[in-house]
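The values are calculated or read from the model by the stated rules, or taken from the named source; none is laboratory data. Predicted model only: the values in this text are computed from it and were never measured. Cβ coordinates were reconstructed from backbone atoms using ideal geometry, including for glycine residues, and neighbour counts include every protein chain displayed. We work out accessible area using only protein heavy atoms, side chains counted, and drop any ligands, DNA or RNA first. Shrake-Rupley method; radii C 1.70, N 1.55, O 1.52, S 1.80 Å.
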Amino acid sequence: MTGSNKYKVIILGSGPSGLTAAIYTARANLNPLVIQGQLPGGQLTTTTEIENFPGFEDGIFGAELMEKMTKQAQRFGAELLMKYVTKVDFSKKPFKIYCEQEEFQADAVIISTGATPRMLGLDEEKSLLGFGLSTCATCDGAFFNNQEIVVVGGGDSACEEAIFLTRFGKRVRLIHRRDELRASKIMADRVKANPKIEIIWNSGITKLLSDKTNSLYGAIIKNLKTNEETTIECAAVFYAIGHKPNTDLFHDILELDENGYLITEPEGTKTNVAGIFACGDVQDHKYRQAITAAGSGCMAAIECARYLEENE
Ligand code: NAP
């Protein structure tokens, strides 16, 4: 290992939480290294326009917002590395981080590896994500005013998103693979009582339909009991079939909750190992917004700077 692979702070991940942590730690003269991960810029780079990030009154494309955050972090001296972490050793200080054979050392680590929305695995998903297919109702619902909307899933997220989307949609059809919702009773009851929501039971989407301009206009739905297929028209399909927090690296190393999210101190970003902080979607399954991720990135940076000051 070369001497230049030793840092005060290493940030894992480059979504809004990681880059905000980078801006704050860089401005605190902590010269952070950001290891960007498999999807530099994070989930926002897979969306199109973002209308709810404060400061951009006309909206901004997700990729552009992340580019601006990246440049802002670099302006204050953050170093960005387009690599993927394959192993960590947090058992003693300095903490060790490996990208394949390459070793990095840090006095403190901020984890912002995010979460990955679960997908159905249909061929059309890649090209239609951001063009009628979405994994975030709060982010994209307002684009589909007075149009037909479909939500897939039967958990609390699907119910919450279906109810939220009734503000915009002419009708919201909730497609669930079973004949019973997994969601809590209160959420399920609200969905069932909502006149704008129609539940299509025992069904799944087998194909997303798009026109020549690559805009989604419908889906083929299969009844999983009868195998009967029907085509429905809709302007948008929202997947709400859960998220997978990107925490595979930390199993048996840091405390995770039953869904695999990193556990942090209440209202803070400290994990169970002193000097290791976590922010953004990797520790938040409740809000999952760019702005809340950025906020927790700021918190992690401040807590990290204080930790380093106290332990110098
Ligand atoms: P979830 O509870 O895991 O539900 C995922 C849903 O998607 C399930 O209904 C599941 O069907 C369905 N699903 C999964 N894979 C599928 C596939 N390949 N094809 C079709 N359907 C599929 O996830 P979540 O709703 O995101 O919630 C995650 C956690 O956050 C839960 O603990 C939830 O209670 C919590 N949460 C709470 C609130 C709230 O309290 N307001 C809001 C959101 C989330 P099956 O039911 O058949 O398995």
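See the values below:
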| quantity | calculated |
| --- | --- |
| Any hit, the stretch 3-19, residues being among the aliphatic types (A, V, I, L, M) and within 16 Å of the chain's Cα centre (by Cα) | yes |
| Residue among Asn146, Asn194 that is open to solvent by 50 Å² or more (accessible area, probe 1.4 Å), closer than 28 Å to Gln289 by Cα, outside the structural domain of Glu49 (by TED's automatic domain parsing) and polar (S, T, N, Q) | Asn146 |
| The stretch 19-43, subset part of a helix (DSSP H, G or I), touching a strand residue (DSSP E or B) at 6+ places or on another chain (Cβ under 8 Å) and more than 12 Å from Cys304 (Cβ to Cβ), residue most open to solvent (accessible area, probe 1.4 Å) | Gln43 |
| Identity of the residue in the stretch 1-18, assigned to a loop (DSSP other than H, G, I, E, B) and not aliphatic (A, V, I, L, M), that ends up modelled with the lowest pLDDT | Thr2 |
| Any hit, the stretch 209-218, residues being within 16 Å of the ligand (Cβ to nearest atom) and either assigned to a strand (DSSP E or B) or surrounded by 14 or more Cβ atoms within 10 Å (Cβ to Cβ) (or both) | no |
| Cβ pairs under 7 Å, 6+ apart, first in the stretch 183-204 and among the acidic types (Asp, Glu), second at pLDDT 95 or above and open to solvent by 30 Å² or more (accessible area, probe 1.4 Å) | Glu198/Arg171 |
| Count of the stretch 164-193 residues which are modelled with pLDDT of 95 or more, more than 9 Å from the ligand (Cβ to nearest atom) and not in a loop (DSSP other than H, G, I, E, B) | 12 |
| Some residue of the stretch 239-251 being part of a strand (DSSP E or B), at negative phi and away from the ligand (no atom under 16 Å from the Cβ) | no |
| Filter result for the condition that a residue is open to solvent by 50 Å² or more (accessible area, probe 1.4 Å) and charged (D, E, K, R), over Asp248, Asp257 | Asp248 |
| Count of the stretch 125-143 residues which are farther than 16 Å from Ile175 by Cβ and either within 16 Å of the ligand (Cβ to nearest atom) or open to solvent by 30 Å² or more (accessible area, probe 1.4 Å) (or both) | 10 |
| In the stretch 96-124, residue most open to solvent (accessible area, probe 1.4 Å) [restricted to those that are away from the ligand (no atom under 16 Å from the Cβ), in contact (Cβ under 8 Å) with a residue 60 or more places away in the chain and out of contact with any Phe, Trp or Tyr (no Cβ under 8 Å at 6 or more places or on another chain)] | Glu102 |
